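Enquirer: Below are the structure tokens for one structure; questions will follow.
The values are calculated or read from the model by the stated rules, or taken from the named source; none is laboratory data. On a predicted model such as this, the values are computed, not experimentally measured, just so you know. A quick note on method: Cβ atoms are made from the backbone with ideal geometry, for glycine too, and the neighbour counts reach across all protein chains shown. Heads up: the accessible areas ignore ligands, DNA and RNA and are worked out on the full protein's heavy atoms, side chains in. Shrake-Rupley method; radii C 1.70, N 1.55, O 1.52, S 1.80 Å.
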Amino acid sequence: MELKPRVLIVGGGAIGALFGWRLSQSDKVSVSLVCRSNYTEVKTRGYLVDSAQFGKGVYRPKSVFQSIDEASLCGSYDYVIVALKALPNIYDCADRVARVITPSTMIMLFQNGIGIEDPFVKRFPLVPIVSTVSFVSVKHENGVLKHGGFSMLASGIHLPEHRLAYADKLQFICD
């Protein structure tokens with residue numbers, strides 16, 4: 001039996017949940033989610049999805065964790081998608097996810113801001129860091145993801161010296 005690549009999404013808000021739902025619709029990967037304030041709600045009911053682009057459904061992640069520490073107890077992840085707000089004056093996102101990063105992990109940043117990659121490159125210089133810009137109309141309220149008729153991602157490997165070596169791994173998750 002072939003094991004599916006494991007994806008951990010850190011951040012269960014609108015962006016993390018929407019793209020977690022879309023990835024989970026593929027049979028190519030296993031998707032888990034770290035939630036904080038909405039942990040109990042997501043663990044018990046999942047998300048109701050109302051998407052003008054992709055239709056309606058219910059998204060129940062394979063595993064829902066309340067913390068990075070809890071997620072780290074379940075083994076390694078091939079992809080870690082960071083969908084947290086980038087607030088460098090308040091906390092360091094790289095420190096927050098450090099427990100689940102291994103040399104074989106690809107870190108994908110679904111965050112706003114300029115220079116958000118720097119703390120990750122400093123902390124994990126040998127791990128591929130992917131900057132991802134999302135163009136999407138989505139909101140999360142009371143357990144419902146309301147998504148408009150458009151979503152697009154633009155992703156690229158941050159460091160030039162990693163681009164060739166990790167292009168196939170990035171292409172796999174983007175397909």
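Enquirer: If you check SER24 against the conditions, is it open to solvent by 30 Å² or more (accessible area, probe 1.4 Å), among the hydroxyl-bearing types (Ser, Thr, Tyr), touching a Phe, Trp or Tyr at 6+ places or on another chain (Cβ under 8 Å) and in contact (Cβ under 8 Å) with a residue 24 or more places away in the chain?
Expert: Numbers: open to solvent by 30 Å² or more (accessible area, probe 1.4 Å): yes; among the hydroxyl-bearing types (Ser, Thr, Tyr): yes; touching a Phe, Trp or Tyr at 6+ places or on another chain (Cβ under 8 Å): yes; in contact (Cβ under 8 Å) with a residue 24 or more places away in the chain: yes.
It is true that SER24 is open to solvent by 30 Å² or more (accessible area, probe 1.4 Å), among the hydroxyl-bearing types (Ser, Thr, Tyr), touching a Phe, Trp or Tyr at 6+ places or on another chain (Cβ under 8 Å) and in contact (Cβ under 8 Å) with a residue 24 or more places away in the chain.
Enquirer: Then there's this: Take the conditions touching a helix residue (DSSP H, G or I) at 6+ places or on another chain (Cβ under 7 Å), in a strand (DSSP E or B), open to solvent by less than 30 Å² (accessible area, probe 1.4 Å) and β-branched (Val, Ile, Thr) and apply them to VAL130. Does it pass?
Expert: Values: touching a helix residue (DSSP H, G or I) at 6+ places or on another chain (Cβ under 7 Å): yes; in a strand (DSSP E or B): yes; open to solvent by less than 30 Å² (accessible area, probe 1.4 Å): yes; β-branched (Val, Ile, Thr): yes.
So VAL130 passes the test.
Enquirer: Answer yes or no: is there a residue in region 77-89 that is open to solvent by 70 Å² or more (accessible area, probe 1.4 Å) and among the hydrophobic types (A, V, I, L, M, F, W, C). It would help to see each step written out before you state the result.
Expert: Keep residues of region 77-89 that are open to solvent by 70 Å² or more (accessible area, probe 1.4 Å), which gives 85, 88-89.
If we keep only those that are among the hydrophobic types (A, V, I, L, M, F, W, C) too, we end up with none.
No, because not a single residue in region 77-89 is open to solvent by 70 Å² or more (accessible area, probe 1.4 Å) and among the hydrophobic types (A, V, I, L, M, F, W, C).
Enquirer: For GLY12, state whether it is in a loop (DSSP other than H, G, I, E, B) and either touching a Lys or Arg at 6+ places or on another chain (Cβ under 8 Å) or not polar (S, T, N, Q) (or both).
Expert: yes
Enquirer: Residue check: is SER63 open to solvent by less than 40 Å² (accessible area, probe 1.4 Å), hydroxyl-bearing (Ser, Thr, Tyr), in contact with a strand residue (DSSP E or B) (Cβ under 9 Å, 6 or more places away or on another chain) and within 28 Å of HIS147 (Cβ to Cβ)? Walk me through it before giving the result.
Expert: Details: open to solvent by less than 40 Å² (accessible area, probe 1.4 Å): yes; hydroxyl-bearing (Ser, Thr, Tyr): yes; in contact with a strand residue (DSSP E or B) (Cβ under 9 Å, 6 or more places away or on another chain): yes; within 28 Å of HIS147 (Cβ to Cβ): yes.
When the stated conditions are applied, SER63 passes them.
Enquirer: Only one of GLU117, GLU70, GLU41 is over 25 Å from MET152 (Cβ atoms), open to solvent by less than 70 Å² (accessible area, probe 1.4 Å), in contact (Cβ under 8 Å) with a residue 40 or more places away in the chain and not small (Gly, Ala, Ser); which? Steps first, answer last, please.
Expert: Working: GLU117 fails: over 25 Å from MET152 (Cβ atoms); GLU70 fails: in contact (Cβ under 8 Å) with a residue 40 or more places away in the chain.
Just a single option satisfies the conditions, and that option is GLU41.
Enquirer: Taking the condition of being of a type outside the set (Asp, Glu), more than 26 Å from ILE101 (Cα to Cα) and either touching a Phe, Trp or Tyr at 6+ places or on another chain (Cβ under 6 Å) or not in a strand (DSSP E or B) (or both), how many residues in region 30-72 meet it? First the steps, then the outcome.
Expert: Initially, region 30-72 is screened for residues of a type outside the set (Asp, Glu), giving 30-40, 42-49, 51-68, 71-72.
From the residues that got through so far, the ones that are more than 26 Å from ILE101 (Cα to Cα) too are 44-45, 47-49, 51-58.
Going one step further and asking which of them are either touching a Phe, Trp or Tyr at 6+ places or on another chain (Cβ under 6 Å) or not in a strand (DSSP E or B) (or both), we end up with 44-45, 47, 49, 52-54.
Matching residues across region 30-72 total 7.
Enquirer: OK, next. Return the pairs, sorted by first residue and then second, in which the second residue is loosely packed, with under 10 Cβ neighbours inside 10 Å, the first residue lies in region 152-175 and is under 12 Å from VAL133 (Cα atoms), the beta carbons are less than 7 Å apart, and the residues are 6+ apart or on different chains.
Expert: Filtered contacts from region 152-175: MET152/PHE135.
Enquirer: In addition: Here is a check on your reading of the model: is PHE150 within 17 Å of ALA14 (Cα to Cα) and open to solvent by 50 Å² or more (accessible area, probe 1.4 Å)? Step through it out loud before you land on a result.
Expert: On the way: within 17 Å of ALA14 (Cα to Cα): yes; open to solvent by 50 Å² or more (accessible area, probe 1.4 Å): yes.
Yes, satisfied.
Enquirer: Same structure again: Does region 86-108 contain any residue that is hydrophobic (A, V, I, L, M, F, W, C), touching a residue at least 12 places away in the same chain (Cβ under 8 Å), within 19 Å of ALA154 (Cβ to Cβ) and part of a loop (DSSP other than H, G, I, E, B)? I'd like the intermediate steps shown before the answer.
Expert: Residues of region 86-108 that are hydrophobic (A, V, I, L, M, F, W, C), as a first pass: 86-87, 90, 93-94, 97-98, 100-101, 106-108.
If we keep only those that are touching a residue at least 12 places away in the same chain (Cβ under 8 Å) too, we end up with 86, 93-94, 97-98, 100-101, 106-108.
Now drop any that are not within 19 Å of ALA154 (Cβ to Cβ), which leaves 86, 106-108.
After this cut, where a residue has to be part of a loop (DSSP other than H, G, I, E, B) as well, the list is 86.
Checking region 86-108: at least one residue is hydrophobic (A, V, I, L, M, F, W, C), touching a residue at least 12 places away in the same chain (Cβ under 8 Å), within 19 Å of ALA154 (Cβ to Cβ) and part of a loop (DSSP other than H, G, I, E, B).
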